[in-house]
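The values are calculated or read from the model by the stated rules, or taken from the named source; none is laboratory data. Computed from a predicted model, the values in this text were never measured in an experiment. Positions of Cβ are backbone-derived with ideal geometry, glycine not excepted, and every protein chain shown enters the neighbour counts.
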Amino acid sequence: MSERATSGASTGEALPAPARFLAHHFSSMEAQSETSKLGIWLFLGSEVLFFSGLFTAYGVYRANHYALFRYAHHFLDWKMGALNTVVLVTSSLSAAWSVRCAQLGQRRALNLTLVLTLLLAGTFLVVKYFEYSHKLHNGIAWGAACHPSEHILATLPPAARAQPVPSDLGTFFSIYYLMTGLHGIHVLVGMGLYVWLLRRAGRGDFGPGYYVPVDSVALYWHLVDMIWIFLFPLFYLI
Amino acid sequence: MNENSAGAAAPGSHGTHVMPPSVLIGTAAALLALTAVTVTSSRIDLGEWNVIVALAIACTKAALVALFFMHLKYENRFQLVVLVSAVVFAVLFVAFVVFDTTQYQPSIRAAERQVQAKSP
């Protein structure tokens, strides 16, 4: 790349934006973007398998302790979960739109959609923070540390209140915190990636000839949305 | 739709498919509608079927995200092969382990009861 940059400088003409980003080991921009695309899809495939271990833990525990899952889901507020679903779907729309903007060279709209995606990702984590802190303040932690307070037990529906607190309630919440927590870490990583995209978009790196980073990050972001699509009914709507 | 065909026909953009706004907004609207359906269906007691309905809706939503937001519908087939094979192996993993644990659960419970009966 440096060789190209210097040759461009010596002739006094700036290289067109896409060529600046062609790595030396690729023959053309097209070969580079096709390779990146396959790479990101392989990564997403490994992410699916990565999460499958936790979904298996969920499946095994639910198959053997269905009553516990029915009881424990009363501690989760489906309205918060539904709100976060709406937030993530909207952010996915914004992410998909940002790819379109980059492909069409609409720089202002690209910046706008990137900022919107970042803000919505932040909103998701703020909602999640309120959910987590409400639970932790009321003794709903993971494993053996799970001792629900009188205050939160009083908010359960009457049928659930009549039951004794199951001794393995903490195991349900271990699975809950692990799955939503790992998903939350993915959201955090996504936010970092969107900050990076914003910096590059601000420099004017992206356009019709070069939009692979915008596309790849959006693909990752859609996968994060997809995982939440499964987590929401499995935890909040048992 | 005009912009779409213009984008697809742009010179030097082989393999590029610009998603038209109508498809993007339509996908998001379908996802939000299906979220409402899944919330509503969870309030109706269908017994064992509740989780099946919830998962069927979730799979439909995931397919919409993959096909349109992730533009898999317009990609090289190989990308689809990568995602589908990962999903197939994830489903096999979950299904086999769950079948296995439910298969042995009755005999484990019976053995536990026997041990409890022996130790008064």
For this session: Answer yes or no: is there a residue in the range A:135-146 that is touching a strand residue (DSSP E or B) at 6+ places or on another chain (Cβ under 8 Å) and on the phi > 0 side of the Ramachandran plot.
Result: no
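Do we have B:ALA54 as within 9 Å of chain A (Cβ to nearest Cβ) and under 18 Å from A:GLY81 (Cα atoms) here?
Working: within 9 Å of chain A (Cβ to nearest Cβ): yes; under 18 Å from A:GLY81 (Cα atoms): yes.
Yes: the conditions hold for B:ALA54.
Rundown of residues vs (1) outside any helix (DSSP H, G or I); (2) farther than 22 Å from A:THR90 by Cβ; (3) within 12 Å of the chain's Cα centre (by Cα); (4) within 14 Å of chain B (Cβ to nearest Cβ), yes/no style:
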residue: A:THR155; (1), (2), (3), (4): yes, yes, no, no
residue: A:SER167; (1), (2), (3), (4): yes, yes, no, no
residue: A:GLY170; (1), (2), (3), (4): no, yes, no, no
residue: A:PHE173; (1), (2), (3), (4): no, yes, no, no
residue: A:HIS186; (1), (2), (3), (4): no, no, yes, no
residue: A:VAL195; (1), (2), (3), (4): no, no, no, no
residue: A:ARG199; (1), (2), (3), (4): no, yes, no, no
residue: A:ASP205; (1), (2), (3), (4): yes, yes, no, no
residue: A:TRP221; (1), (2), (3), (4): no, no, yes, yes
Exercise. So how many residues does the range B:57-67 have that are facing chain A (nearest Cβ under 8 Å) and either more than 12 Å from A:ASP225 (Cα to Cα) or out of contact with any helix residue (DSSP H, G or I) (no Cβ under 9 Å at 6 or more places or on another chain) (or both)?
Worked result: 1
Exercise. In the range A:76-93, which residues are assigned to a helix (DSSP H, G or I) and not aliphatic (A, V, I, L, M)?
Worked result: A:TRP78, A:LYS79, A:GLY81, A:ASN84, A:THR85, A:THR90, A:SER91, A:SER92
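For the range A:16-33, which residues satisfy the criterion of being more than 7 Å from chain B (Cβ to nearest Cβ) and in a helix (DSSP H, G or I)?
Applying the first criterion (more than 7 Å from chain B (Cβ to nearest Cβ)) to the range A:16-33 yields A:16-29, A:31-33.
Those that are more than 7 Å from chain B (Cβ to nearest Cβ) and in a helix (DSSP H, G or I): A:ALA17, A:PRO18, A:ALA19, A:ARG20, A:MET29, A:ALA31, A:GLN32, A:SER33.
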Problem set entry | Any chance A:LEU83 is under 22 Å from the mean Cα position of the chain (by Cα), at pLDDT 95 or above and surrounded by fewer than 18 Cβ atoms within 10 Å (Cβ to Cβ) | yes
Exercise. So, of the residues in the range A:27-46 that are at pLDDT 90 or above and of a type in the set (A, V, I, L, M), which turns out to be nearest to the chain's Cα centre (by Cα)?
Worked result: A:LEU44
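Listed here are the residues, each with its yes/no results for (1) at the interface with chain B (Cβ under 8 Å from one of its Cβ atoms); (2) polar (S, T, N, Q).
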| position | (1), (2) |
| --- | --- |
| A:SER36 | no, yes |
| A:HIS74 | no, no |
| A:TRP78 | yes, no |
| A:SER92 | yes, yes |
| A:VAL99 | yes, no |
Problem set entry | In the range A:41-75, the residues that are surrounded by fewer than 20 Cβ atoms within 10 Å (Cβ to Cβ) and either aliphatic (A, V, I, L, M) or part of a loop (DSSP other than H, G, I, E, B) (or both) | A:LEU42, A:LEU49, A:LEU54, A:ALA57, A:VAL60, A:ALA63, A:HIS65, A:ALA67, A:LEU68
